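The values are calculated or read from the model by the stated rules, or taken from the named source; none is laboratory data. Since we're looking at a predicted model, the values are computed, not measured. Heads up, the Cβs are rebuilt from the backbone with ideal geometry, glycines too, and the neighbour counts pull from every protein chain shown. Surface accessibility is based on the protein's heavy atoms, side chains included, excluding ligands, DNA and RNA. Shrake-Rupley method; radii C 1.70, N 1.55, O 1.52, S 1.80 Å.
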Protein chains: 2
Amino acid sequence: MAQRRPTMHDVARAAGVSPATVSRVVNNERYIRDETRAAVERAIAELGFERNAAARALRPGQSSDTVALVIEDAVNPFWSAVTDGAEQVARSHQHMLVVASTRQSYDRERDLLRDLVLRRRVDGVLVVPTAHTQRDLHTELSRWAPMVFLDRTPAGVPADAVVLDNQGGARKAVQSLLEQGHRRIAYVGGDPSVTTGRSRLAGYKQALKRAGLPYDPALVRLNAHTVDDARTAATGLLGLADAFFADNNRMCVGVLHAVRGSRAGVAAFDDIEFADLLPHPITLVTYDAAAFGAHAAELLFARMTGADTPPRRSVHHTTLVTRGG
Amino acid sequence: MAQRRPTMHDVARAAGVSPATVSRVVNNERYIRDETRAAVERAIAELGFERNAAARALRPGQSSDTVALVIEDAVNPFWSAVTDGAEQVARSHQHMLVVASTRQSYDRERDLLRDLVLRRRVDGVLVVPTAHTQRDLHTELSRWAPMVFLDRTPAGVPADAVVLDNQGGARKAVQSLLEQGHRRIAYVGGDPSVTTGRSRLAGYKQALKRAGLPYDPALVRLNAHTVDDARTAATGLLGLADAFFADNNRMCVGVLHAVRGSRAGVAAFDDIEFADLLPHPITLVTYDAAAFGAHAAELLFARMTGADTPPRRSVHHTTLVTRGG
């Protein structure tokens, strides 16, 4: 006997709630107790819905012809370029791209994803998970719409991911500072609990180790989130360090402000458009951000059109360049 | 007798086509001859549909809870900031913001607007019209969903518009270069047929006139569209000019590349994040781009919730700042 597709009633029975409650959870309505919502989402997960069956069973109606991109911050030029690449691919597949920003808040990420997947019925989601992400959210929502992780990967969620070579890129940049003769290289970075931050810090440590230099925590400033944070952190290290590695483009702008007029070396992850205009040279870990976004979108459309291969992690290579000076 | 609301059949009769054809035009389906589409759109216009009546008559169903922002290029930091401001307002009204880029193509603008308004049924549109825009497109589509123009205004379309003080900003910047002692000020700009470009060029001319200086076309390079275009244009003027006014941030980056190592003065429209890091001073026409986007979105939501005042044009003031050096 062919397996019967689960219905809203099956989910309701498994969760011990009424079908109306399942519908309210699915439609992401307000005033549903957290425990009730969790029970329904658990029931959906436990019933082992095949994704499309779940969509058909609980979400009758047409495709929205829309995919979503949930990023950290639309103003950062890295995300603008990623958005541009993803939008072009979406358009080539006759889909619109909806862009929303988490601003690094897990609550916002959760609300956005539920709204996009359950209520607005987007056909797929590209998501940059926030730092404090919980695996259940992505695991459960990815049963309703294919999900591809971008830039960061939450542990244990079976979905495609497209990331940069964070560790290798950071290692090469720090090695370049070492080759330029610097020995006391400071690290200015963001959140070390996200995979990008953790991997870049690991690349920094690896470069020091290979050069036979000790890792000195006094030269490391983490948890900077804005240009001003990074500027303050780097200014405080000016007497201690002879060079700086900034772990992203925001950190880099802050470091550049701090080192103005000094002879400190600077290297950073991410490209910076104006680097060629600077009066001193800077070493940058570059990559094609638009191609990165486009590649993630292509993986998403492959899943949306039925690709059934095991989830894979795709690593984009980086290129070291020296600019300015 | 109260006026009866027009139906799809009324439109079909007026256009001389079948109701099915009206439906196909409204749903923006393919393989409809341009003349047929034009006839139906004309009929809709001629019947003088009150917007909401039209929506109810021809587009039954719920609100999409989505508004659209149609911009030129998502990668430009100006548009990223505008998007960020508009997204926050949309979210505060429980709407999603869909962002799409015209890449300065009228065909793309037309296809995007039809898709968004007629097929995807967005509740409202913020649009930056392309240079060669045709008034009919906006006039007709704005009967289906409120439309607010951003940054540029097509002539003769009765809709709200939010623009910058382009002429005043450019005039102040050029006056500043004159006060710095420059006399042969070059102008590097984009498309002079869009209202922003035209107004900024007018501001440049006005500043020269007030200073009793002649307008010299040999110092003016228009129709630059990329950083490289601007760099080439400015490089060609290095022997002729003692200062440059760039009419937007892309033009400015090109000019900055061209003047590296020279003593030419530089002023530009738009803020530039890295200006403080430059080795020479630069005068910038700044404004709050996020507030600009937010203000346009607020006007759109006012229209969507029934504001019935005459269309108005809102001009955002600019502030001159000197950075770097």
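Along the stretch A:118-124 the Karplus relation, 6.51 cos²θ - 1.76 cosθ + 1.60 evaluated at θ = phi - 60°, assigns HN-Hα couplings of 8, 8, 8, 6, 4, 7, x Hz to successive residues, with x for each Gly and Pro.
Rg over Rh for chain B works out to 1.06, both radii taken from alpha-carbon positions and Rh defined as the Kirkwood radius. For the stretch B:55-177, the equivalent ellipsoid derived from the Cα gyration tensor has semi-axes of 27, 17, 13 Å, listed largest first.
Mean residue ellipticity at 222 nm, helices only, chain B: -12500 deg cm²/dmol; runs of at least 4 DSSP H residues each add -39,500 (n - 2.57), and the sum is divided by the number of residues.
Let me test this: with uniform point scatterers at the alpha carbons of the stretch A:236-316, what is the Debye-based log₁₀ I(q)/I(0) at q = 0.13 1/Å? Once normalised to I(0) and log-transformed, intensities are -0.55. Surface burial for A against B, with a 1.4 Å probe and both sides summed, reaches about 3400 Å² of accessible area.
Average accessible surface for the stretch B:166-287: 39 Å² per residue, computed with a 1.4 Å probe over protein heavy atoms with every protein chain in place.
Sites listed here are trypsin sites (Lys or Arg not before Pro) in the stretch B:226-274 whose DSSP assignment is loop and whose Cβ has at most 11 other Cβ atoms within 10 Å: B:Arg263.
A simple charge model with +1 on the Cβ of Lys and Arg, -1 on the Cβ of Asp and Glu and nothing else charged puts the dipole of chain B at about 600 debye relative to its Cα centre.
With label points set 7 Å from Cα along Cα→Cβ, the inter-copy distances at A:Arg135 are 6.3 nm, sorted shortest first.
Between identical copies, the spacing of A:Tyr215 label points, each set 7 Å from Cα toward the C-beta atom, reads 6.5 nm from nearest to farthest. Excluding same-chain neighbours fewer than eight residues apart, the lysines reachable from A:Lys209 by a Cα-Cα span under 26 Å are A:Lys172.
In a simple Cβ point-charge model (Lys, Arg +1; Asp, Glu -1; nothing else charged), the stretch B:171-243 has a dipole of about 340 debye relative to its Cα centre. Per-atom-type breakdown for the protein assembly as shown gives carbon and sulfur 48% of the accessible area (1.4 Å probe, protein chains only). In the stretch A:256-294, the residues that give up 10 Å² or more of accessible area when the other protein chains are added, compared with the chain on its own (1.4 Å probe), are A:Leu256, A:His257, A:Arg260, A:Glu273, A:Phe274, A:Asp276, A:Leu277, A:Leu278, A:Pro279.
Near B:His316, the amide H atoms lying under 5 Å from its own belong to B:Val163, B:Leu164, B:Asp165; only residues 5 or more places off or on other chains count, and H is placed 1.01 Å from N.
Expressed as an acute angle from 0 to 90° and rounded to the nearest 10, what is the orientation of the C-alpha long axis of helix B:249-259 relative to the principal long axis of chain B? The answer is roughly 20 degrees. Take the alpha carbon gyration tensor of the protein assembly as shown, find the square roots of its eigenvalues, order them as a ≥ b ≥ c, and report rounded if a/c is under 1.5; if not, report prolate when a/b exceeds b/c, else oblate. Oblate. Applying the Karplus relation 6.51 cos²θ - 1.76 cosθ + 1.60 with θ = phi - 60° to the stretch B:159-168 yields 3J(HN,Hα) values of 8, 4, 9, 10, 10, 8, 7, 5, 5, x Hz, where x marks Gly and Pro. The alpha carbon gyration tensor of the stretch A:166-287 gives principal lengths a ≥ b ≥ c with a/c below 1.5, which makes the shape rounded. For the stretch B:166-287, a crude dipole built from +1 on the beta carbon of Lys and Arg and -1 on the beta carbon of Asp and Glu, taken about the Cα centre, is about 460 debye to the nearest 20. At a threshold of 30 Å², the residues of the stretch A:60-90 that become less accessible to a 1.4 Å probe in the full protein assembly than in their chain on its own are A:Asp65, A:Ala74, A:Val75, A:Ser80, A:Asp84, A:Glu87.
Calculated FRET efficiency, A:Gln88 and A:Asn223, Cβ-Cβ r, R0 35 Å, to nearest 0.05? The calculated FRET efficiency here is 0.50.
Accessible area per residue (1.4 Å probe, heavy atoms of protein chains only) ranks A:Arg119, A:Arg110, A:Arg312 as A:Arg312, A:Arg119, A:Arg110, with the largest value leading. Positive-end ranking of A:Met251, A:Leu116, A:Pro279 along the dipole of chain A, with charges on Cβ about the Cα centre, is headed by A:Leu116. Across the identical copies, the 7 Å label point of B:Gly236, projected outward along Cα→Cβ, sits 5.2 nm from its counterparts, in ascending order.
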